[in-house]
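Enquirer: Shown below is the structure under consideration.
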Ligand code: TXA
Ligand code: MG
């Protein structure tokens, strides 16, 4: 299948190219596009056949439901049974933006989107290309992250081209994604908001407008025996080709432990990757050393994480040792993705 690649500048949108992409969506095709979180692979959410093409292109398991993207609030009525007052509060504060809201669905939504659940995930992205594309298409747009299933989510057009060229109708190349991690998923069907997937909008952000915010226990570290409420969270994910091992603890002990492990692996003839931070980068001499960003600025770490995982693939390392980050604010979302990339292989060291 031939994939058209359109370069569109988010600051000076070429409306003709965007209209051509909107037309592809309306006629049942697939379009990958940038959002403020990660690139998405979109299709008309009300067209079952079109939505099935997304699952095929990604190799996505059919029991993993999709997020429906809208550009205006008035599109909601056709999609959800009701908008509880608390859900409205989240929309008013954080939309358009990196948070997805789970609500009771209507019958208009094809089962293939919700994987048979009686709820649907809805998001209104703030990225100008995403927002305008959905508006021009005139239909709600189902879109998972635009990566092959199991691979790190794409934060640059080149990642999408690498994974999906030849498998989708259009790829819009529109620069780097701001947040770099997928949206927060919050279930607003109950009285208390419950975070099913941590993301750009943090628990602390939600606590600014709610007295109580819960987190699905199944996504907390060490609880992987529980079944997550968000089906997608049960899959291993974000995995580069090499094995990933996370080292958690005080910095001195982590660096020391990585040095020792690295020596052992290199003695066996293996090529070692070290995923570190600006604060520790100079302390590693050998191997493929890539910093995710500064510990003082978790947003840069979130922004680089997936691209760095892909860089290790390109470098062809055999094993990756990754420094953990503190689990506060955006650190929850960062560690959630890192732990999954590592298949839950976390080693605690030091104090
Ligand atoms: O930032 C994002 O959310 C990106 C961009 C493209 O918008 N999209 C994205 O989609 O990350 P995806 O498909 O990779 O992740 C969607 C997550 C999955 O974990 C899925 O299981 C969950 O949302 N989800 C979808 N519908 C759900 C529902 N009704 N109840 C619970 N979880 C749901
Ligand atoms: Mg995904």
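The values are calculated or read from the model by the stated rules, or taken from the named source; none is laboratory data. Predicted, not measured: the structure shown is a model, and the values here were computed from it. Note that we place each Cβ from the backbone using ideal geometry, even for glycine, and neighbour counts take in every protein chain shown.
Enquirer: With the structure loaded, tell me whether residue 165 is in the same structural domain as residue 53 (by TED's automatic domain parsing) and away from ligand 1 (no atom under 12 Å from the Cβ) or whether it fails that test.
Expert: Values: in the same structural domain as residue 53 (by TED's automatic domain parsing): yes; away from ligand 1 (no atom under 12 Å from the Cβ): yes.
Against the criterion (in the same structural domain as residue 53 (by TED's automatic domain parsing) and away from ligand 1 (no atom under 12 Å from the Cβ)), residue 165 qualifies.
Enquirer: Which of the strands (runs of 3 or more DSSP E) found entirely inside region 20-124 contain at least 2 residues meeting this: in contact with a strand residue (DSSP E or B) (Cβ under 8 Å, 6 or more places away or on another chain), within 13 Å of ligand 1 (Cβ to nearest atom) and under 17 Å from residue 138 (Cβ atoms)?
Expert: Answer list for region 20-124: 31-33, 40-44, 67-69.
Enquirer: Something else now. Report yes if residue 308 is closer than 22 Å to residue 157 by Cβ and under 16 Å from the mean Cα position of the chain (by Cα), otherwise no.
Expert: yes
Enquirer: So residue 236 clears everything in (1) modelled with pLDDT under 95; (2) under 15 Å from residue 339 (Cβ atoms); (3) in the same structural domain as residue 324 (by TED's automatic domain parsing) except one condition, right? Which one?
Expert: Result: residue 236 passes all but (3).
Enquirer: Turning to a different aspect of this structure: State all residues of region 134-165 that are assigned to a helix (DSSP H, G or I) and surrounded by 21 or more Cβ atoms within 10 Å (Cβ to Cβ); if no residue qualifies, say none.
Expert: 134, 137, 157, 159, 160, 163, 164
Enquirer: Follow-up question, since we're still on this one. Quick check: is even one residue across region 224-240 away from ligand 1 (no atom under 15 Å from the Cβ), within 21 Å of the chain's Cα centre (by Cα) and buried (at least 20 other Cβ atoms within 10 Å of the Cβ)?
Expert: Yes: one or more hits.
Enquirer: Count, please, the residues in region 123-148 that happen to be away from ligand 2 (no atom under 16 Å from the Cβ) and under 17 Å from the mean Cα position of the chain (by Cα). If you could, list the steps in order and put the result at the bottom.
Expert: Step one: of region 123-148, the residues away from ligand 2 (no atom under 16 Å from the Cβ) are 124, 126-129, 131-140.
Next cut, under 17 Å from the mean Cα position of the chain (by Cα) only: 124, 126-127.
Of the residues in region 123-148, 3 are away from ligand 2 (no atom under 16 Å from the Cβ) and under 17 Å from the mean Cα position of the chain (by Cα).
Enquirer: Kindly provide the set of residues from region 180-197 that are more than 14 Å from ligand 2 (Cβ to nearest atom) and in contact with a helix residue (DSSP H, G or I) (Cβ under 7 Å, 6 or more places away or on another chain), ordered by number.
Expert: 186, 188, 193, 195
Enquirer: Still on this structure, please answer the following. Could you please let me know if residue 131 is surrounded by fewer than 19 Cβ atoms within 10 Å (Cβ to Cβ), more than 23 Å from residue 238 (Cβ to Cβ) and at pLDDT 95 or above?
Expert: It is false that residue 131 is surrounded by fewer than 19 Cβ atoms within 10 Å (Cβ to Cβ), more than 23 Å from residue 238 (Cβ to Cβ) and at pLDDT 95 or above.
Enquirer: Separate question: So if I check each of 287, 269, which one is surrounded by 20 or more Cβ atoms within 10 Å (Cβ to Cβ) and more than 22 Å from residue 195 (Cα to Cα)?
Expert: The conditions single out 287.
Enquirer: On to the next question. Would you call residue 228 in contact with a helix residue (DSSP H, G or I) (Cβ under 7 Å, 6 or more places away or on another chain) and in the same structural domain as residue 125 (by TED's automatic domain parsing)? First the steps, then the outcome.
Expert: On the way: in contact with a helix residue (DSSP H, G or I) (Cβ under 7 Å, 6 or more places away or on another chain): yes; in the same structural domain as residue 125 (by TED's automatic domain parsing): no.
In short, no.
To keep it simple, each residue is scored yes or no on (1) in a loop (DSSP other than H, G, I, E, B); (2) within 24 Å of residue 144 (Cβ to Cβ).
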{"residue": "180", "(1), (2)": "yes, yes"}
{"residue": "186", "(1), (2)": "no, yes"}
{"residue": "192", "(1), (2)": "yes, no"}
{"residue": "222", "(1), (2)": "yes, no"}
{"residue": "229", "(1), (2)": "yes, yes"}
{"residue": "257", "(1), (2)": "no, no"}
{"residue": "262", "(1), (2)": "no, no"}
